[in-house]
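Below: the structure, in structure tokens.
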Amino acid sequence: MALTPRLDLRQSQQLVMTPQLQQAIKLLQYSNVELNEFVDGELEKNPLLEKGEVEFTERGAIDRSDGDRPDGTSGEGGNSDLVASDKALLGDGGEAGMADSALDADMSENVFNNDSVSDAPMPGGDQLSYSGSGSIRGGGGSFDDEGRFEQNLEDSQTLQDVLTAQLSISQLDQAGMLIAAYLIEMVDEAGYLPADYTELAARLGCDDEDVERVIGVLQGMEPIGVFARSLQECLALQLREQDRYDPAMQALIDNIDLLAKRELGKLKKLCQVDAEDLSDMVGEIQALNPKPGLAYGNGEPVQSVVPDVFVRQDPAGMWRVELNTDTLPKVLVNGSYYAELTTMGGNKEAKAYISECYSNASWLVKALDQRARTILKVATELVKQQEAFFSLGVRHLKPLNLKAIAEAIEMHESTVSRVTANKYLGTSRGIFDMKYFFTSAISSADGGEMVSAESVRDQIRELIDGEDPKKILSDDKIVDILRAKGVDIARRTVAKYREAMNISSSVQRRRQKNIAL
């Protein structure tokens, strides 16, 4: 074996994911809020990117954005660099997954407009429709007539704001006002104070009696029950306001842990009342608010769930699937500005920077277009697979997994998984997470078609909601009823589903309904 150095030439192949391809894959799993945040960041960094509105006409897509372009032209008509045809938006080639076609599609134009994706056939000739008991198609209309979803809700007043406003009429002295202001800041979102405030008195340089006196005043503020230091005190404050805090009710409040355990016999003895009076007292307690502070917000924006895709049935009985274009960014690449900059003199670094900006802007247009197409394609197939759910309800939800969708649209399972993450369908039955429609299968007792786990959960919930208070259904009885309907299910599975839906056991339900009686 020779120990001399030598030079070898070898040829090999390997799959390399470029940073842009990695980012394009990440775009798939972004929610609409995250996507807009990402695009806003790109708009700040890239001078060739612009946000705009595009109006579709018979001639193609015409930019209708307000204001002038950097090249001095207006946004309406006449600028070939800001006009895209329908053909360019449709693209060519197959769609086996993001890695194969996300960045290789031929898009000679530079406008990405989400308004038109749902109106276009899918790459490779796939149409957004199918034949069967119902028909599915994409686009062909707008959902503006169904109203718009509010994207952000914000409470106008916080609990601290409400309490501070009442402080001015509390008639406390100056020292008391200082203590009260500090206590208001200590109240948690439910309206409770920390149980131990000895340290507070030392910190403010006052006696415990002074703090207790101020708390007594503050506990008279609205909403009644705030500044309590325990659940019992919170309920007692509300009962005193209603003039219902008699000795019997006090005994019930002091022993409320027994009520949680449904030990009604002990409670009747402690309160010295009969079963009918105890039932009335429990009803009064159930009508109280154990967390009065939650009636007010914390002043922070509340992000509502906004559908990414709308699904509805038109008068002809066809299921229509359309992207929610209101939440999607509309991005323009200013080709005229780029052409102007490239013709101007400058050093190599400046030209390289402009070239990189144009490349990144073109990539973003393609990536957003591909993302919209992929989401629409997956959603359309999802509606096709779960047509019975949209027509008849949750009881008819079919078992479904990612592989079934991936095979039907010729994509990889990982792509379908990313598309369905953080995405929502807006339907006449409500707003559903796309992941909701993927449920495991439960075998049929008679060898027939399998049923979905979500359908079984719905049946369990319906059985328990409709049970006779005098004949509470045990888990074993529910198993017998479901097996009689053709669902082969074990008792432990029923218990697991029941607990997941926060439904008490048969023993606890019997105690609860006995109190109601």
In whole Hz, with x marking every Gly and Pro, tabulate ³J(HN,Hα) for region 399-404 from phi via Karplus 6.51 cos²θ - 1.76 cosθ + 1.60, θ = phi - 60°. x, 8, 10, 5, 4, 4
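Set the Förster distance to 45 Å, then compute FRET efficiency between Gln20 and Arg429 from the Cβ-Cβ distance, nearest 0.05.
Working: r = 39 Å, r/R0 = 0.87.
The formula returns an efficiency of 0.70 here.
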Inter-label distance, nm, simple model (7 Å from Cα along the C-beta direction), Tyr182/Ser440: 5.5 nm
Label-point separation (nm) for Lys477 and Arg10, each offset 7 Å from Cα along Cα-to-Cβ? 7.2 nm
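Any chance you could run the full-extension gain for Arg395 through Arg461? It's 0.36 nm times the residue separation minus the Cα-Cα distance, nm to one decimal. Could the numbers behind the result be given before it?
Values: separation 66, 0.36 × 66 = 23.76 nm, distance 1.13 nm.
Gain on extension, Arg395 to Arg461, equals 22.6 nm.
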Length gain on complete extension for the stretch Ser505 to Val33, per 0.36 nm per residue less the alpha carbon to alpha carbon distance? 165.9 nm
Counting only residues 5 or more apart in sequence or on a different chain, those whose built amide H sits under 5 Å from that of Val487 are Ala445
If R₀ is 35 angstrom, what is the calculated FRET efficiency for the pair Ala275 and Arg213, using the beta carbon separation as r and rounding to 0.05? 0.25
Just order 499-511, 158-170 by mean Cβ neighbour count inside 10 Å, highest at the front, would you? 158-170, 499-511
According to a simple spin-label model (label point 7 Å from Cα along Cα-to-Cβ), what is the distance in nm between Asp40 and Ser170? 3.8 nm
Using θ = phi - 60° and Karplus 6.51 cos²θ - 1.76 cosθ + 1.60, couplings along region 468-480 (whole Hz; Gly, Pro as x): 6, x, 8, 9, 5, 7, 7, 4, 5, 5, 5, 4, 4
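Find how much the distance from Lys261 to Asp246 grows on full extension, using 0.36 nm per residue of separation minus their present alpha carbon separation; answer in nm with one decimal. Kindly include the intermediate steps, with their values, before the conclusion.
Details: separation 15, 0.36 × 15 = 5.40 nm, distance 2.27 nm.
Full extension of this stretch gives 3.1 nm more.
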Long-range amide H partners of Arg312 with built H, under 5 Å: Arg320
Less than 25 Å apart at the alpha-carbon level, and either on another chain or at least 8 residues along: which lysines does that give for Lys45? Lys26, Lys330, Lys348, Lys351, Lys366
Search the structure for amide H atoms under 5 Å from the amide H of Tyr30, placed 1.01 Å from N in the peptide plane, and list their residues when 5 or more places away or on another chain. none
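Read-outs throughout are calculated quantities, based only on the coordinates presented, and are distinct from any laboratory measurement. Remember, predicted model here, so these are calculated numbers, not experimental data. A quick note on method: Cβ atoms are made from the backbone with ideal geometry, for glycine too, and the neighbour counts reach across all protein chains shown.
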